[in-house]
Amino acid sequence: VFVNHEKRLVGKDKVLNQLLLEIDLLEKTGIAVALNNEVISKEKWEVTELKPNDNITVIRATQGG
């Protein structure tokens with residue numbers, strides 16, 4: 001799969017929240033995740049299966065001015 005354009009190897013039958021845990025983002029607040037350009041609600045992260053060549057975009061809200 002690709003996470004923010006970076007290739008990552010994931011095991012078979014991996015779901016989205018497992019990947020986010022591996023890259024230390026699961027417990028972060030203020031993130032949004034899109035899978036193949038479709039926003040996935042946080043409630044569905046545990047059941048969203050990853051497939052070869054999926055494109056995952058993780059956006060983290062930041063404060064600024």
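Miscellaneous remarks
- Rg over Rh, two decimals, the chain (C-alpha only, Kirkwood Rh): 0.96
- Here each label is just a point 7 Å from Cα along the line to Cβ, and for residue 31 and residue 18 those points are 1.7 nm apart.
- Relative contact order of region 1-47, defined on C-alpha pairs under 8 angstrom at six or more residues apart (%): 32
Just so you know, all these numbers are worked out from the coordinates, no wet-lab data involved. These numbers come from a predicted model, not from an experiment. All Cβ positions, even for glycine, are placed from backbone atoms using ideal geometry, and neighbour counts span all protein chains on display.
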